[in-house]
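The values are calculated or read from the model by the stated rules, or taken from the named source; none is laboratory data. Quick caveat: nothing in here was measured; it's all calculated off a predicted structure. Methodologically, a virtual Cβ is constructed for each residue, glycine included, from the backbone with ideal geometry; neighbour enumeration extends over all protein chains shown. SASA here: full protein model, heavy atoms, side chains in, ligands and nucleic acids out. Shrake-Rupley method; radii C 1.70, N 1.55, O 1.52, S 1.80 Å.
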Amino acid sequence: MKELEQLPLPLLTWYREHARVLPWRSDPTPYHVLVSEIMLQQTRVAAVLDCYRHFLKAAPDPAELAGLPEDQLMKLWQGLGYYSRARNLQKAARQIMEDFGGVFPNTYESLRSLSGVGDYTAGAIASIAFGLPVPAVDGNVLRVTARVCGDEGDIASPAMKRQVTQALALVIPTDAPGDFNQSLMELGATVCLPNGAPLCERCPAAGFCRAFQEGRTAELPVKAPKKARRVETRTVYLLFSENRIALRRRPERGLLAGLWEYPNELTDQTDQLAQWGLAPVSVTPAGTGKHIFSHIEWHMTALAAELASPELPEGWVWADRTALRDIYAIPSAFQCFSYRVEQRLSMPED
């Protein structure tokens with residue numbers, strides 16, 4: 001990977017001129033970097049910006065985050081998905097308070113011990129917040145290095161990640177490790193694109209990038225195909241009474257663990273409401289939707305029902321429009337039905 005030796009100077013020059021202005025870059029405290037990096041995992045920057053600001057208002061430091069009630073934590077995370085990240089982030093905050101006396105750990109090894117913090121996130125915090133020359137290798141970085149070096153290795157393999165990490169450790173500038181790591185991420189996010197043609201005419205590495213020089217940008221990086229997702233066909237029940245909608249909490253383990261949802265089942269059983277002990281006044285079709293998780297695809301058909309009685313199964317709750325807005329976090333999997341719910345509850349626009 002000798003091409004990487006040429007990368008730091010032109011890349012840092014480019015980054016300091018073209019880097020996006022992002023709130024966590026403006027004030028890169030260790031806590032801010034931690035929150036932003038966890039939020040940005042498998043999530044677009046545009047989706048994170050507002051959530052990041054609202055999150056820091058409610059939990060400006062590890063002590064406040066450690067004490068947040070779970071429902072408030074989930075509500076703050078609403079829209080970002082992968083809710084286990086929020087729970088791990090809170091666990092990390094509690095570790096900081098309990099195991100480190102409220103002082104943010106400042107070595108790669110101690111950062112790596114925090115819940116939900118892997119090699120990449122520990123490297124990002126260590127380099128950006130503490131100025132330690134530690135690589136932070138994510139998908140963007142793997143793609144950039146594979147193209148620059150013309151490497152045909154599978155970027156999804158642990159061996160490739162180790163190889164890139166070791167190679168970057170030899171070239172990372174000790175006087176600007178945080179900027180270097182962020183410049184690699186930025187290049188991958190804005191120029192060396194994952195889908196569609198990379199914008200090679202804008203790339204500071206074009207002069208020595210092997211993929212560009214050899215006309216192989218469409219072939220690299222190499223990534224083994226993922227296993228096909230399992231498809232589940234589900235019926236979602238939008239149950240209303242007295243201008244409220246019924247919610248139930250998902251199990252504490254598994255997909256969307258512990259979150260509130262519109263009741264749903266794998267198959268459309270005509271007597272499902274009766275099995276729950278519910279008597280509908282009317283039942284009408286309420287649309288269809290699809291949501292893709294990393295390993296499962298939900299194909300959903302919704303039914304709306306007005307219930308004759310407000311009695312619900314044990315553990316379910318009624319939510320009016322205020323509670324739905326302020327208290328209960330509904331997973332984005334059900335976003336496709338939100339308009340119909342808001343319309344039924346006469347929810348005003350913010």
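Note on region 268-306: residues that are open to solvent by 50 Å² or more (accessible area, probe 1.4 Å) and not aliphatic (A, V, I, L, M) amount to 17.
Take S127 and tell me if it is of a type in the set (S, T, Y) and crowded, with 20+ Cβ neighbours inside 10 Å. In short, yes. Pairing each residue of region 166-183 that is without any contact (Cβ under 8 Å) to a residue 60 or more places away in the chain with any residue that is part of a helix (DSSP H, G or I), provided the two are 6+ apart or on different chains, yields C-beta distances under 7 Å for P177/S127; N181/G123; N181/A124; N181/S127; N181/I128. Evaluate the following for Q166: is it surrounded by fewer than 18 Cβ atoms within 10 Å (Cβ to Cβ), part of a helix (DSSP H, G or I) and not charged (D, E, K, R)? Taking the combined requirement at face value, the residue satisfies it. Against the condition without any contact (Cβ under 8 Å) to a residue 24 or more places away in the chain, closer than 30 Å to V231 by Cβ, touching a strand residue (DSSP E or B) at 6+ places or on another chain (Cβ under 9 Å) and among the hydrophobic types (A, V, I, L, M, F, W, C), how does V341 come out, does it pass? It is false that V341 is without any contact (Cβ under 8 Å) to a residue 24 or more places away in the chain, closer than 30 Å to V231 by Cβ, touching a strand residue (DSSP E or B) at 6+ places or on another chain (Cβ under 9 Å) and among the hydrophobic types (A, V, I, L, M, F, W, C).
Against the numbered list (1) at pLDDT below 90; (2) polar (S, T, N, Q); (3) within 28 Å of N88 (Cα to Cα), S332 comes up short only at (1). Scanning region 174-192 for residues that are open to solvent by less than 20 Å² (accessible area, probe 1.4 Å) and not in a helix (DSSP H, G or I) gives A176, V191, C192.
Among the listed residues R216, R244, R229, R250, which satisfies the condition of being buried (at least 17 other Cβ atoms within 10 Å of the Cβ) and among the basic types (K, R)?
R244
Number of residues in region 118-140 that are more than 28 Å from T217 (Cα to Cα), not small (G, A, S) and not in a helix (DSSP H, G or I) equals 2. Among the residues of region 231-249, those that are at pLDDT 95 or above and either part of a loop (DSSP other than H, G, I, E, B) or charged (D, E, K, R) (or both) comprise E232, R234, R244, R248, R249. For region 300-342, a residue qualifies if it is assigned to a strand (DSSP E or B) and over 12 Å from L239 (Cβ atoms), and the qualifying residues are M300, T301.
For L132, indicate whether it is farther than 24 Å from L11 by Cβ and hydrophobic (A, V, I, L, M, F, W, C). No, not satisfied. Scanning region 141-158 for residues that are open to solvent by less than 40 Å² (accessible area, probe 1.4 Å) and not in a loop (DSSP other than H, G, I, E, B) turns up V141, L142, R143, V144, T145, A146, R147, V148, C149.
Say whether the condition of being of a type in the set (K, R) and more than 30 Å from C336 (Cα to Cα) is met by at least one residue in region 98-113. Checked region 98-113: at least one residue is of a type in the set (K, R) and more than 30 Å from C336 (Cα to Cα).
The single condition among (1) in a helix (DSSP H, G or I); (2) touching a residue at least 60 places away in the same chain (Cβ under 8 Å); (3) not polar (S, T, N, Q) that K161 does not satisfy is (2).
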